[in-house]
Amino acid sequence: MTLQNDFADIREWDNHNFVHPWEGMADIGHNERTFTETASGIYVTTETGKRLIDGPAGMWCVQLGYGNAEMADAMAGQAREMAYFSPFNNANSAPARLAHEIAKRTPGDLNHVFFTTGGSTAVDTALRFVQFRNNLLGKPDKKVIISRQKAYHGSTFLAASVSGKERDKGWLDQPSGIAYFLPNVNPSLRPVGMSIGDFLDEKITDLERAIVDIGADRVAAFIAEPILASGGVIVPPRGYHRKCLEVCRNHDVLYISDEVVTAWGRLGHWFASEDAFDIVPDIITTAKGLTSGYVPMGACIISDALIESISGESSQGSTFSNGYTYSGHPVAAAAALKNIEIIERENLLEHVREVALHFQERLHGLRENPIVGDTRGMGLVGCVECNTGTDRDSLEIDRTIGARIDQHCQELGLMLRPLINMCVFSPPLIISRDQIDQMFDIMDIGIKRATAELAKSGIHAM
């Protein structure tokens, strides 16, 4: 079904009433966004009836693909039975079961699940819990959070304060003294002649030096995405997270693993922290693929050790006064439970590990295009970064590159998520090998067409 006949009004309502995330104020009220109105499997259909492969799976989240009847039935059944309960005053079996199923799949002793409304509030909860715990432990000055340049941890005030994407910060206030940012961990940006091993050592030294300089008595936690997703799918050198965890342990600094993107099968595992990166953090944050994007939900998962350190006789009668009206929402919990059931039954984790090899091979094959400066990825997530030989650092040129590639790919049947001059892929986990080929064939043509257009305007590939 499309609404094309009515779209003059609908587009006007969208422009004049719906303020979108990351809304460009110069264009507000005059956007020509694509409307995606129906969807099935890995495909979305626009208001004109055009069918597109959903390259980013919505926003890194539609693991099971669209139109899954079991998911819809589970949500509808729960809504009919119990649509809402107050998590402040009561309990409900759906989130209780979900918390147990999550705990069964987390690494180590991460068994305490605090449900949130999404990834930003999951990170907010993690940071507030760290602050709360240090207050109880008599360490009120141990509050600094160390993060990385290009990290993204959310857009609530506290989560945004530990995000390191500089272009997101231009006109928004940032609190001082909460966060400390380490330099970029992207191996492709290391100095000419520097080995990966030396680069890794430099990044670990960055962290240790920061803790020492700030003072271990003031540093509360290090927060890190296993892969820096929105920053451009930056994959740190092998062993990076393990060595960072060791530094944190040596200085009594907590390790928060932000798995909002990397959990729930994106890298072929329930959680990537231990299975893909060999670490058992103190706290994991997650969202997105938890419900395959069918309904909003997030979670902050805290280790038994942290809870035990401030509970019972050590609690001082305190209350962790943090929570949300929709914490543990039963309809969202029902969706997440069904999501886990389907992923397990359909062997989707194994499927991801199998097709990821081909996905990454096709991704890196795009480097044959002269305009492609770098490709990087892991599992079913990847990024193509394009650069030109002139004005390489010009934001205007970068945006032009991304916009032209995006336009051509959409005309050919592929929806991308352009991040300025980067094109990100994180398709639904159900994608087949043939569909991966179709996706990257379109991307290759889109890049070539954009390159030719740029050359005609005097902008040439590197």
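Laboratory data are not the source of any read-out in this text; all were calculated from the coordinates shown. The shown structure was predicted, so the numbers you read here are calculated from the model rather than taken from an experiment. Here the Cβ is made from the backbone with ideal geometry for all residues, glycine too, and neighbour counts use every protein chain on show.
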- Message: From the phi angles alone, apply the Karplus equation (6.51, -1.76, 1.60; θ = phi - 60°) to segment 336-344 and give each ³J(HN,Hα) in whole Hz, x where the residue is Gly or Pro.
- Response: 5, 4, 5, 4, 4, 4, 5, 4, 6
- Task: Please compute the Cα-Cα pair-distance distribution of segment 192-288 with 5 Å bins starting at 0, giving whole percents from short to long.
- Result: 3, 13, 23, 23, 19, 13, 5, 1
- Query: So, counting K/R as plus one and D/E as minus one, what does the shell of residues with Cβ under 12 Å around residue 197 add up to?
  - Reply: +1
- Just subtract the alpha-carbon distance of residue 452 and residue 316 from 0.36 nm times their residue separation and send over the number in nm, one decimal. 42.2 nm
- Item | Estimated vicinal HN-Hα couplings, Hz - segment 254-264 in sequence order (Karplus 6.51, -1.76, 1.60; Gly, Pro = x) | 6, 10, 9, 9, 8, 9, 4, 9, 7, 7, 6
- Item | Distance histogram for the chain (every C-alpha pair counted, 20 angstrom bins, percent rounded to whole numbers) | 23, 57, 19, 0
- When 22, 60, 264 are ordered from fewest to most other Cβ atoms inside 10 Å of their Cβ, what list results? 22, 60, 264
- Near the amide H of residue 419, under 5 Å away, which other amide H atoms are found, from residues 5 or more places off or on another chain, if H is placed in the peptide plane? 424
- Calculate the dipole size of segment 90-217 relative to its Cα centre from +1 charges on Lys and Arg beta carbons and -1 charges on Asp and Glu beta carbons; express the result in debye to the nearest 20. 400 debye
- Task: Run the numbers on the chain and let me know its relative contact order in percent, using alpha-carbon pairs under 8 Å that are six or more apart.
- Result: 20 percent
- Item | Rounded to the nearest 20 debye, dipole of the chain from Cβ charges on Lys, Arg, Asp, Glu | 380 debye
- Message: Counting only helical runs of four or more DSSP H residues, what would the 222 nm mean residue ellipticity of the chain come to if each run contributes -39,500 (n - 2.57) and the total is spread over all its residues?
- Response: -12500 deg cm²/dmol
- Note on the structure: Once amide hydrogens are built 1.01 Å from N within the peptide plane, the residues lying 5 or more places from residue 150 or on another chain with amide H under 5 Å from its amide H are 164, 165, 166
- Find how much the distance from residue 17 to residue 104 grows on full extension, using 0.36 nm per residue of separation minus their present alpha carbon separation; answer in nm with one decimal. 27.0 nm
- Note on the structure: The value for segment 70-345 (convex hull of the alpha-carbon atoms, volume per residue, Å³) is 134 Å³
- Message: Quick check for me: using +1 on Lys/Arg Cβ and -1 on Asp/Glu Cβ, what's the dipole size of segment 70-345 about its Cα centre, in debye to the nearest 20?
- Response: 440 debye
